[in-house]
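Bear in mind these aren't lab numbers, they're just calculated from the coordinates by the rules spelled out. Every value quoted in this text rests on a predicted model; they were computed, and no experiment measured them. Counting neighbours? That spans all protein chains shown, and the Cβs are built from the backbone with ideal geometry, glycine included.
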Amino acid sequence: MQNAVLDGGFADPAREAAYAFRAALNAMARPGTIQHITGADAPSPCSPAAATLILTLCDPTTPIFLAPSHDTAAFRDWITFQTGGPLVPAKDAMIAIGTWEALLPLDPFAVGTPEYPDRSATLVVETETLASDGPVLRGPGIETTARLTLPEIEAFQRNRALFPLGLDFFFTSEDRVAGLPRSTRVMEA
Amino acid sequence: MTDQAYNFAYLDEQTKRMIRRAILKGVAVPGYQVPFASREMPMPYGWGTGGVQVTSACLTPDDTLKVIDQGADDTTNAVSIRKFFEKTAEVDVTEKTAEATVIQTRHRIPETPLTDDQILVYQVPIPEPLRFLEPSEVETRKMHSLEEYGLMYVKLYEDISRHGEIATAYAYPVKVQDRYVMDPSPIPKFDNPKLESAALQLFGAGREQRIYAIPPHTKVVSLDFEDHPFDPSKAPHACALCGAEGSYLDEVITDDQGGRMFVCSDTDYCASRRAAGHVGAMTSIEGATRMLRSASPDQTEPAQ
């Protein structure tokens, strides 16, 4: 087995996961802000930020979907070794990882049920650019307005229309993460 | 047994991941109660096991933790939870609201306004605001999903028809971001306006196995009627120790002659005001003299 599969986990799991979760929590609670998140290192093409999110949130109880952009043998092995999370089709996933284009279409992902809207997928979207710029965000966690570089607008407006059902998003780039919960309204800048 | 016998912040990593996923979904759907697999904690249910599990999942080694019970830092529950995390997470602790990054609370929101780098964790006994109106979980879940909150308004209306006003004084129901009706835990309704905060607020109910959240700057409206608007009332007194007129007060019985005093329930707020030179009726010379005089038997009104 390659070292790339065995390496790249947390050196100090409890504390590193605690820092990483705080970054993820701040990202989700304050859409548009960009948080620093590191600790894990997965085989290419996964960014350190997405790898850290996976180690923080995934274990054998979280079915994971790998979009074609990230569905490599090395990355599959890394996830299986590091988290034990089963790799599943999009419709069964609690967590999905990939580039925006590779994750589309969003329709198969679980959006929760009216009684249990929490039973919805969280999508980790790998992006090249991540900045507080672009479309305007309003909603919980945002005092007036915020901005975040998003791959498109309409998909997030459709997602918001499902509220309280819907998907929740993390956007990751290198060692940075931003969040976009289903409660956020996205508008043209 | 050494302190290293515990994982960081006591809970094992798989449990923390489960709680963390629940917290993130709670943040994404403000006011919605996310089920979670609450664990046995080394303290009984009703002592803040929900809050402790949420705090455990959120703490980082850099945090400074404050724990309050009914506003006080020095009560049994607050002291033991603070010591618990001092021992298992080796975090700094404080009694000062402004210095804390994570505040676990039982039944109060601190008087000092919270900032956007703070997290407030509530201990919640009964998370379901509709529970005393509808005992079935299946039914209350359906009511939330249909946004069917008529029953709650009927309850508030019955208060008015019976007492002339909405008599609910604590655990006063709120609507979060125009969608979910939520129990803010048994905080006095005086604290309800503070639910709209710059801080992230997380709620943990251990026995009932629910986690919910209010993200920063989220709209939180206390339920009311146009002709009976919400009134965050408090005792019409000033604090006897620091003279504060805008803080929530505890009534303290001082003797068996009907003597009583009102003091800030937020001990840190009261202590810092006194340190800044503020005085109340019992801490100023004139006030104390007046109180002593009124308490002397020959001038006391006969008991009713």
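For a footprinting-style exposure proxy, rank B:VAL52, B:VAL124 by other Cβ within 10 Å, fewest first.
So the ranking, lowest neighbour count to highest, is B:VAL52, B:VAL124.
Cβ under 15 Å from A:ASN3's Cβ, A:ASN3 left aside: what net charge do those residues give with Lys, Arg +1 and Asp, Glu -1?
Summing Lys and Arg as +1 and Asp and Glu as -1 gives -3.
Top mean-square fluctuation among B:LYS142, B:LYS96, B:LYS189, Gaussian network model of chain B, C-alpha springs under 10 Å?
B:LYS142
Can you tell me, using C-alpha contacts under 8 Å and at least 6 residues apart, the relative contact order of chain B as a whole percent? Could the numbers behind the result be given before it?
Working: 585 pairs, mean separation 57.7, N = 304.
It rounds to 19 percent for chain B.
Peptide A:23-32: average number of partner chain Cβ atoms within 10 Å per residue?
Mean inter-chain Cβ contacts per residue within 10 Å come to 6.
Note down the nm distance, to one decimal, between modelled labels 7 Å out along Cα→Cβ at A:THR129 and at B:THR283.
5.6 nm
Show me, bin by bin at 10 Å from 0, the whole-percent P(r) of the range A:130-189 based on Cα pairs.
Over the range A:130-189, the share of Cα pairs per 10 Å bin runs 24, 59, 17, 0 percent.
In deg cm²/dmol, rounded to 500, what helix-only [θ] at 222 nm does chain A give when every DSSP H run of at least 4 residues adds -39500 (n - 2.57) and the total is split over its residues?
Calculated from helices alone, the mean residue ellipticity at 222 nm is -8000 deg cm²/dmol.
Using the number of other C-beta atoms within 10 angstrom as an exposure proxy, rank A:MET94, B:MET43 with the fewest first.
B:MET43, A:MET94
Between their Cα atoms, which of A:LYS91/B:LYS175; B:LYS155/B:LYS175; B:LYS83/B:LYS219; B:LYS25/B:LYS234 are more than 24 Å away from each other?
In this structure, A:LYS91/B:LYS175; B:LYS83/B:LYS219; B:LYS25/B:LYS234 exceed 24 Å between Cα atoms.
Within 10 Å of each Cβ in B:153-163, how many Cβ atoms from other chains are there, averaged over the peptide?
0
Peptide A:139-146: average number of partner chain Cβ atoms within 10 Å per residue?
Working: counts 6, 15, 10, 4, 4, 1, 0, 0.
Mean partner-chain Cβ count within 10 Å for A:139-146: 5.
Counting helices only, and only those DSSP H runs with n ≥ 4, report the 222 nm mean residue ellipticity of chain B as the sum of -39,500 (n - 2.57) divided by its residues, in deg cm²/dmol to the nearest 500.
Using -39500 (n - 2.57) per qualifying helix, the result is -8500 deg cm²/dmol.
Based on alpha-carbon positions alone, could you give the equivalent ellipsoid semi-axes of the protein assembly as shown from the gyration tensor, as √(5λ), descending, whole Å? Could you put the intermediate results ahead of the total?
Details: eigenvalues 401, 133, 76 Å².
Each semi-axis is the square root of five times an eigenvalue, giving 45, 26, 19 Å.
For chain B, treating each Cα as an identical point scatterer without solvent, what Debye log10 I(q)/I(0) comes out at q = 0.07, 0.09, 0.11 1/Å?
Reported log10 I(q)/I(0), two decimals: -0.31, -0.50, -0.73.
If each residue's Cβ is checked for other Cβ atoms within 10 Å, how do B:LYS25, B:LYS219 rank with the fewest at the top?
B:LYS219, B:LYS25
Output the peptides B:255-261, A:183-189, B:144-150 sorted from most to least packed, where packing is the average of other Cβ atoms within 10 Å over each peptide's residues.
A:183-189, B:144-150, B:255-261
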